[in-house]
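Trainee: Got a structure for you, questions after.
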Amino acid sequence: MSAVNITNVAVLDNPSAFLNPFQFEISYECLVPLKDDLEWKLIYVGSAEDETYDQLLESVLVGPVNVGNYRFVFEADPPDPSKIRDEDIIGVTVLLLTCSYVGQEFIRVGYYVNNDYDDEQLREEPPQKVLIGRVQRNILADKPRVTKFPINFHPGNNEQGEQPASLPETTNGTSEDKGNEGLPHSVDEPSS
C-alpha cells in the first residue's frame, strides 16, 4: 500500500492558449509521516519518436509531509516552442505529471494534449511556419493514464521480506476500470 495517494487532479484553465502556463490543482493524502520531500514534476513530450525533445516544465519539492490531506496548485511555464520541431507542435502529444519520494517515482499521470489552431481557416489551410500565438492546447483531462510504481517509502528501514513488485499498476482513468473511478475525480487501487 502506498504512503501517498493522489485523490484528485483538476486541470485548470483548459482549453488554453499554447503559451499560457499549465495549472493543476492536486489533492493528495499522506497515510504515514514522511521526513523527506515529495518531488512533483511536469514533463511535456515534444516528440513521440525522440525523447530528447521532452521538456521538464517544472519541478517542485513539497515536504516534509505529515499524515493528512493536502491540496496545492502546481503551475508550470508552457513548453519552449523553439525546442519542438515544427511538425510536432500541431497535433496530439502527452503531458506527464509525476511524483517521487527520495528519488523513487511512485505515480505518473499522463494526459493527451491536442494542439491546434484557434481558427477554422488556419486548421483547414495551415501555414508553412507555425503561428504559435494562434495555437490552442486542449488537455484531455477526463481520460488520464495513471501508473503506480511500488517503492519503499522508508528506505532506511529495510524490513525483512519486503521486496518491491516488479511491474507497475496501470489504469486508463476511465470508469470501465473495475474499482477505479479515474482522475480527475479519484485514484483508487485497481481491483484484482
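Trainee: So what is the relative contact order for segment 1-107, in percent, with contacts set as C-alpha pairs under 8 Å and at least six apart? List each step's numbers first, then the result.
Mentor: On the way: 213 pairs, mean separation 32.6, N = 107.
Relative contact order of segment 1-107: 30 percent.
Trainee: Let me ask something additional. If you filter segment 44-119 for GluC sites (Glu not before Pro), then keep DSSP loop positions with at most 13 other Cβ within 10 Å, what is left? Intermediate values should be presented prior to the final figure.
Mentor: Details: sites: Glu49, Glu51, Glu58, Glu75, Glu87, Glu105; in loops: Glu49.
Those that pass, being in a loop and sparsely packed, are Glu49.
Trainee: Full extension from Gln136 to Ala17: what is 0.36 nm times the residue separation minus their Cα-Cα distance, to one decimal in nm? Write out the running numbers ahead of the final one.
Mentor: On the way: separation 119, 0.36 × 119 = 42.84 nm, distance 0.43 nm.
Stretched out fully, the Gln136 to Ala17 stretch lengthens by 42.4 nm.
Trainee: Can you tell me how segment 31-88 classifies by the Cα gyration tensor, rounded, prolate or oblate, using a/c under 1.5 as the rounded cut? Intermediate values should be presented prior to the final figure.
Mentor: Details: a/c = 3.90, a/b = 2.93, b/c = 1.33.
Prolate shape, in that a/c is at least 1.5 and a/b is the bigger ratio.
Trainee: Determine, at each q value in 0.12, 0.18, 0.20, 0.21 (inverse angstroms), the log₁₀ of I(q)/I(0) that the Debye formula gives when each Cα of segment 1-116 is one equal point scatterer.
Mentor: The Cα Debye sum returns log10 ratios of -0.46, -0.92, -1.08, -1.16.
Trainee: Also, quick follow-up: For segment 71-109, which trypsin sites (Lys or Arg not before Pro) are in a loop by DSSP, counting at most 16 other Cβ atoms within 10 Å?
Mentor: Working: sites: Arg71, Lys83, Arg85, Arg108; in loops: Arg85.
For trypsin sites (Lys or Arg not before Pro) across segment 71-109 that sit outside H, G, I, E and B with at most 16 neighbouring Cβ atoms in 10 Å, the list reads Arg85.
Every read-out reported here was derived from the displayed coordinates using simple, explicitly stated rules and does not represent laboratory data. As the structure is a prediction and not an experimental result, all values here were calculated from the model. We place every Cβ from the backbone using ideal geometry, glycine too, and count neighbours over all the protein chains shown.
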